[in-house]
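Participant: Here's a structure for you.
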Amino acid sequence: MTIETSGEHRCFGGVQGYYRHESTETGTPMRFAVFLPPAAASGPVPVLYFLAGLTCTEENFTVKAGAQRRAAELGLALVMPDTSPRGTDLPGEHDNYDFGSGAGFYVDATEAPWSVNYRMYSYVTRELPALVEEHFEVDRARSGIFGHSMGGHGALVCALRNPERFRSVSAFAPISSPMHCTWGEKALGGYLGPQRAAWRAWDATALIEDGHRVPDILVDQGLADTFLASQLMPERLEQACSMAGQPVTLRRHPGYDHSYFFIATFVGEHLDWHAARLKA
């Protein structure tokens with residue numbers, strides 16, 4: 001598989017790069033960003049995949065989170081994919097911020113016309129890791145995943161369904177049970193059809209209820225988040241974990257909202273969390 005370099009920048013002794021390739025999963029060009037720490041010059045390093053939220057691209061976390069300094073110190077590579085295919089111009093694809101362009105929800109769509117291109121789950125769990133492992137000094141056996149909002153939902157789902165690939169998982173303000181919020185109902189209904197039973201495979205809370213497990217989960221949630229009660233519902237995830245015996249650390253932070261200021265505040269602690277598990 002070939003990649004095209006859009007730009008590379010020296011950053012905390014490592015390299016922050018932007019790349020592009022032709023995706024077989026989405027049938028479109030896909031963009032992604034990679035930060036390689038200085039330690040990658042000496043051999044493969046652990047790698048963390050970050051999944052961004054609604055309307056975002058590969059640039060949001062890369063530019064706003066301020067994660068590179070701590071990642072360089074810990075010797076962690078960071079990979080940031082885009083949030084959906086681009087350029088397909090399907091009917092209605094660009095009409096709303098919460099469905100279509102910039103809102104792939106990290107599922108493999110089954111409904112026309114989305115099923116041909118909107119395969120972000122397979123892209124994130126199979127194609128992109130294979131590409132990154134081929135072209136960059138990262139260790140496949142030490143991979144973790146985390147994300148924000150829609151991307152927090154994606155990270156939890158990807159880890160719960162693929163514990164052998166992702167050894168660690170965390171989330172900032174995830175959509176904890178998309179089956180029970182308007183964002184999720186719209187996306188899952190549009191991509192997967194009206195049968196709610198099919199949605200359970202793409203809902204982290206439902207996956208835990210249905211027996212999927214990971215070693216542990218870290219979630220940070222701001223209590224001043226305007227989407228907390230209507231869309232995120234972390235209490236559903238917390239309750240499912242409690243009933244199932246799934247270890248979870250849910251930290252609630254007064255005064256913090258849904259923005260990247262919140263993510264930037266706690267991203268270092270998330271990197272430490274992952275490093276402890278990926279380097280064990």
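Participant: With each label point set 7 Å from Cα along the Cα-Cβ vector, what nm distance links T5 and E111?
Facilitator: With each label placed 7 Å out from Cα toward Cβ, I get 4.3 nm.
Participant: Can you give the accessible area of F136, probe radius 1.4 Å, in Å² rounded to 10?
Facilitator: Looks like 20 Å² after rounding.
Participant: Here is a further query. Using a Förster distance of 25 angstrom, determine the FRET efficiency expected from the C-beta separation of E22 and E164, and round it to 0.05. Numbers along the way, then the final one.
Facilitator: Details: r = 28 Å, r/R0 = 1.10.
Efficiency, from the Cβ-Cβ distance: 0.35.
Participant: Report, in debye and to the nearest 20, how large the dipole of the range 120-194 comes out about its Cα centre when Lys and Arg carry +1 and Asp and Glu carry -1 on their Cβ.
Facilitator: Numbers: 7 positive and 7 negative charges, 45 e Å.
Roughly 220 debye for the range 120-194.
Participant: Order M150, M1 by their accessible area, 1.4 angstrom probe, all chains in place, largest first. Walk me through the numbers on the way to the answer.
Facilitator: Working: M150 0, M1 105 Å².
Ranked list, largest accessible area first: M1, M150.
Participant: Go through the range 225-239 residue by residue and turn each phi into a ³J(HN,Hα) via Karplus (6.51, -1.76, 1.60, θ = phi - 60°); whole Hz please, and just put x for glycine and proline.
Facilitator: For the range 225-239, the Karplus-derived couplings read 6, 5, 9, 4, 7, 8, 10, 8, 6, x, 4, 5, 5, 4, 5 Hz, x marking Gly and Pro.
Participant: Along the Cα-to-C-beta direction of A276, a point sits 7 Å from the Cα; which residues of the range 53-72 have their amide N less than 18 Å from that point?
Facilitator: 70-71
Participant: Report the net charge of residues surrounding S176, where surrounding means a beta-carbon distance below 10 angstrom and charges are Lys +1, Arg +1, Asp -1, Glu -1. Walk me through the numbers before you get to the answer.
Facilitator: Working: positive: R236; negative: D203, E235, E238.
For residues surrounding S176, the net value is -2.
Participant: Given a cut-off of under 8 Å on Cα pairs at least six residues apart, what relative contact order in percent is computed for the chain?
Facilitator: Values: 641 pairs, mean separation 47.5, N = 280.
Over the chain, the number comes to 17 percent.
Participant: Looking at the range 1-153 only, what percent of DSSP beta bridges run antiparallel? Nearest 5 please. Walk me through the intermediate numbers first.
Facilitator: Details: 22 of 31 bridges.
Roughly 70 percent of the DSSP beta bridges within the range 1-153 come out antiparallel.
Participant: Take the Cα of Y97, step 7 Å along the line toward its Cβ, and report every residue of the range 186-209 whose backbone nitrogen sits under 19 Å from that point.
Facilitator: Of the residues in the range 186-209, 186-188 have backbone N under 19 Å from the label point off Y97.
Participant: May I ask which residue of A71, P85, A112 lies farthest towards the positive end of the charge dipole of the range 4-146, with charges of +1 (Lys, Arg) and -1 (Asp, Glu) on Cβ and the Cα centre as origin?
Facilitator: The residue sitting most towards the positive pole is A71.
Participant: Once you keep just the Cα pairs under 8 angstrom separated by 6 or more residues, what percentage relative contact order results for the range 1-41? Spell out each step's value before the answer.
Facilitator: Values: 67 pairs, mean separation 14.6, N = 41.
That works out to 36 percent.
Participant: Still on this structure, please answer the following. How high is the relative contact order of the range 78-157, in percent, counting Cα pairs under 8 Å that sit 6 or more residues apart? Working shown, then result.
Facilitator: On the way: 76 pairs, mean separation 19.1, N = 80.
RCO, the range 78-157: 24 percent.
Participant: Could you please state, rounded to a whole Å, how far the C-alpha centre of the range 178-196 is from the C-alpha centre of the range 31-77?
Facilitator: Between the Cα centres of the range 178-196 and the range 31-77 lies a distance of 30 Å.
Participant: Size of the dipole of the chain about the Cα centre, Lys and Arg at +1 and Asp and Glu at -1 on the beta carbon, nothing else charged, in debye to 20? List each step's numbers first, then the result.
Facilitator: On the way: 23 positive and 32 negative charges, 119 e Å.
Computed about the Cα centre, the dipole is about 580 debye.
Participant: Shifting gears a bit: Given the chain, what percent of its DSSP beta bridges are antiparallel, to the nearest 5?
Facilitator: Restricted to the chain, the bridges split so that about 50 percent are antiparallel.
Participant: Hey, if you put +1 on the Cβ of every Lys and Arg and -1 on every Asp and Glu Cβ in the chain, which of A39, G102, T26 ends up farthest toward the positive end of that dipole?
Facilitator: The listed residue farthest towards the positive side: A39.
Participant: Follow-up question, since we're still on this one. Among DSSP beta bridges whose residues both lie in the range 96-201, state the antiparallel percentage, nearest 5. Please list the in-between numbers first.
Facilitator: Details: 3 of 8 bridges.
Percent antiparallel among DSSP bridges in the range 96-201 is about 40.
Participant: Round to the nearest 10 and report in Å² the accessible area of E235, as given by a 1.4 Å probe over the protein chains' heavy atoms.
Facilitator: Looks like 90 Å² after rounding.
The values are calculated or read from the model by the stated rules, or taken from the named source; none is laboratory data. Everything numeric in this text was worked out from a predicted model, so none of it was measured. No Cβ is skipped: glycine too gets one built from the backbone with ideal geometry, and neighbour counts run over all protein chains shown. SASA here: full protein model, heavy atoms, side chains in, ligands and nucleic acids out. Shrake-Rupley method; radii C 1.70, N 1.55, O 1.52, S 1.80 Å.
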